[in-house]
Amino acid sequence: MADAVELEVAGRTVRLSSPDKVFFPERGFTKLDLARYYLAVGPGILRALRDRPTTLERYPEGVNGENFFQKRAPKNMPDWIPTAHITFPSGRSADEMCPTEVGAVLWAAQFGTLTFHPWPVRRDDVDRPDELRLDLDPQPGTDYSDAVRAAHELRSVLHDYGDLRGWPKTSGGRGLHVFVPIAPHWTFTQVRRAAIAAARELERRMPDQVTTAWWKEERGEKIFIDYNQTARDRTIASAYSVRPRPHAPVSAPLTWDEVGSALPRDFDLATMPVRYAERGDVHADMDDHAYSLEALIELAARDEHDHGLGDLPYPPEYPKMPGEPKRVQPSRAKKG
């Protein structure tokens with residue numbers, strides 16, 4: 001096994017130790033393959049991560065080894081990688097890395113980072129999201145094709161409420177993500193309410209295919225719109241991130257024309273660099289837009305006033321939130 005190699009990117013030299021270490025045994029991909037992948041899609045993943053507090057999902061021994069999420073900036077992080085001070089729902093806080101150049105991505109890959117989980121904020125304002133993120137999560141009995149149908153209807157919902165435009169991508173698994181760039185005018189709580197409003201409208205339009213039910217026992221064989229991915233400190237894998245599965249899939253940005261024709265397994269550590277070389281970043285124009293959430297927030301207010309549809313449960317690790325319903329599993333509540 002080679003001791004180390006050095007990679008050059010934009011005037012920055014990043015040292016990669018143990019480059020021959022196998023990270024994906026099924027495919028034979030090594031740490032060097034991972035780093036070269038991120039080098040090949042560098043501008044694309046940097047667009048997704050730039051200036052965002054980012055949690056690192058690390059697999060130092062490869063996809064079959066132990067893993068952990070690193071939220072706090074590592075002590076050995078170079079001083080040329082900036083940080084942002086973020087606050088968790090518990091009230092604790094930390095400094096988290098904020099990539100501003102491709103070299104930061106390669107540096108993280110050196111320490112076994114497969115997946116990058118950026119916050120929906122920038123480091124100059126960590127309390128006001130600039131992205132509305134909608135996660136279409138297939139439940140047992142459903143698959144990617146069901147998520148595709150829901151995504152196309154979600155596109156119509158977004159258009160009808162604020163003329164919003166979403167940018168779709170594969171999750172790297174069976175699901176789809178749709179991101180909407182927004183002006184950083186709203187709090188995490190308000191953005192979450194907007195996500196709930198969009199999800200409920202989609203549920204009304206596709207009642208047999210879509211659910212907003214937080215409790216798994218109530219979801220059935222439907223696509224769950226995970227509104228809590230918009231809660232503070234909940235993150236979604238970035239575009240171009242490698243996912244920790246044996247075949248080394250990646251979260252692939254798509255055009256709307258591709259949603260339905262492209263399949264998640266089309267995009268992996270080997271195929272994405274080829275696609276990127278041919279087409280570039282198909283989400284490159286996201287940062288040119290900043291939409292308003294006013295129409296969705298008005299929809300949320302109407303839902304509450306006209307239909308009694310208030311807030312929905314937060315994840316279990318969150319403190320009790322104002323206006324939140326009882327956070328108890330329905331079957332247990334009935335027994336009580």
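The values are calculated or read from the model by the stated rules, or taken from the named source; none is laboratory data. Every value quoted in this text rests on a predicted model; they were computed, and no experiment measured them. So basically every Cβ, Gly included, is an ideal-geometry build from the backbone, and we count neighbours across all protein chains shown. Only protein heavy atoms, including side chains, enter the accessible area calculation; ligands, DNA and RNA are left aside. Shrake-Rupley method; radii C 1.70, N 1.55, O 1.52, S 1.80 Å.
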Give me the extension gain from Glu221 to Asn76: residue separation times 0.36 nm, minus the current Cα-Cα distance, reported in nm with one decimal.
47.6 nm
The chain, accessible surface, carbon-and-sulfur percent (1.4 angstrom probe):
47
Quick check on my link table: of Lys75/Lys169; Lys21/Lys71; Lys31/Lys71, which ones sit more than 28 Å apart, alpha carbon to alpha carbon?
Lys75/Lys169
Which value, in Å to one decimal place, does the Kirkwood hydrodynamic radius take for region 84-143 when every pair of different Cα atoms is included?
14.2
Starting from the Cα gyration tensor of region 1-128, take the square roots of the eigenvalues, sort them a ≥ b ≥ c, and report rounded, prolate or oblate (rounded when a/c is under 1.5, otherwise prolate if a/b is larger than b/c, else oblate).
prolate
Any idea of Asp257's accessible area? Nearest 10 Å², probe 1.4 Å.
140
In region 20-86, what GluC sites (Glu not before Pro) fall in a loop by DSSP, with at most 11 other Cβ atoms inside 10 Å?
Glu66
Where does each of Lys326, Lys75 land when they are ordered by accessible area, with a 1.4 Å probe and the largest first?
Lys75, Lys326
With contacts defined as alpha carbon pairs under 8 Å and 6 or more residues apart, what's the relative contact order of region 249-329 in percent?
20
Per residue, how big is the convex hull around the C-alpha atoms of region 118-206? Give it to me in cubic angstrom, could you?
98
Using 0.36 nm per residue, how much length does the chain from Trp256 to Glu8 gain when fully extended, once their Cα-Cα distance is taken away?
85.8 nm
Using only the heavy atoms of the protein chains and a 1.4 Å probe, how would Arg92, Arg155, Arg58 rank by accessible area, largest first?
Arg92, Arg155, Arg58
Any idea what the relative contact order of the chain is, in percent, if you count C-alpha pairs under 8 Å spaced at least 6 apart?
18
Rounded to whole Å, give me the distance from the Cα center of region 188-230 to that of region 1-61.
35
Can you work out the accessible area per residue across the chain, with the rest of the protein chains kept in place, probe 1.4 Å, in square angstrom?
43
Asp163 accessible area, nearest 10 Å², 1.4 Å probe?
100
Once all protein chains are kept in place, Arg12 shows an accessible area at probe 1.4 Å, nearest 10 Å², of 70
Roughly speaking, what is the stretch gain from Arg204 to Arg92, that is 0.36 nm per residue apart minus the C-alpha to C-alpha distance, in nm to one decimal?
36.5 nm
Could you work out the per residue convex hull volume over the alpha carbons of region 137-274, in cubic angstrom?
121
How many nm separate the modelled label positions at Asn67 and Arg15, each set 7 Å beyond the Cα in the direction of the Cβ?
2.8
Given (i) 85, 46, 29; (ii) 66, 52, 34; (iii) 65, 45, 43, the label whose value is Cα extents along the principal axes in Å derived from this model:
(iii)
Formal net charge of residues neighbouring Asn67 (Cβ-Cβ distance under 10 Å; K, R +1; D, E -1):
-2
Residue (of Trp256, Thr235, Val210) at the positive-pole extreme of region 187-263, dipole from beta-carbon charges:
Thr235
